[in-house]
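Reading through the structure tokens given below for one structure.
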Amino acid sequence: MPSALKRVKPARRFIVSGRVQGVGFRYYTREVAWQHGLIGRVRNRADGTVEVIASGAREQLDQFEDWLRHGPRLARVDALRVETIEALDYPDFDIDS
């Protein structure tokens, strides 16, 4: 494969609504993302939702998305909006303040 052509892993942007702030959602999300070998970030938004950007193998993204649909024990996920985005190059998966 020519060096100019790279195999790009899929990436998704998730917006999680419900009781997702103040319940450790970002910290659990980072742990689950690490377990699935994903890179990206998670952050609270001013409107009370949580935004997650994740990139990795499609199967791992699918499993991660399934987890996001219910989140950690103290959370209540009412809605999950998902969109495919252009892959971004993050060094790891981290929490943005």
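As a proxy for reagent exposure, ranking SER17, SER55 by other Cβ atoms within 10 Å from fewest up yields SER17, SER55.
Here is the list for the chain: GluC sites (Glu not before Pro) lying in DSSP coil, each with at most 14 other C-beta atoms within 10 angstrom of its C-beta, are GLU86. Helices in the chain, meaning DSSP H runs of at least 4 residues, each add -39500 (n - 2.57). Divided by all residues, the mean residue ellipticity at 222 nm is -7000 deg cm²/dmol. Considering only ALA87, ALA46, ALA54, the mean-square fluctuation computed in a Gaussian network model of the chain, springs between alpha carbons under 10 angstrom, is largest for ALA46.
Antiparallel as a % of all DSSP beta bridges within the chain, to the nearest 5?
Here the antiparallel bridges make up roughly 90 percent for the chain.
Seen against the Cα atoms of the chain and their longest principal axis, helix 58-68 is set at about 10 degrees. Computed over the chain, relative contact order equals 43 percent, with contacts defined as Cα pairs under 8 Å that lie 6+ residues apart.
For helix 25-35, what angle does its Cα long axis make with the longest principal axis of the chain, in degrees from 0 to 90 and rounded to 10? With both axes taken from Cα atoms, the answer is about 30 degrees.
Taking ARG43, ARG13, ARG73 in turn, the Gaussian network model of the chain (Cα-Cα springs below 10 Å) assigns the largest fluctuation to ARG73. Other residues whose C-beta falls under 15 angstrom from the C-beta of ARG30 contribute a net charge of -2, scoring Lys and Arg +1 and Asp and Glu -1.
Counting Lys and Arg as +1 and Asp and Glu as -1 over every other residue whose Cβ lies under 14 Å from the Cβ of VAL82, the net charge comes to 0.
All of the numbers you see were taken from the coordinates with simple rules; none came from a lab. Note that the coordinates shown come from a computational prediction; the quantities given were computed from them, not determined experimentally. A quick note on method: Cβ atoms are made from the backbone with ideal geometry, for glycine too, and the neighbour counts reach across all protein chains shown.
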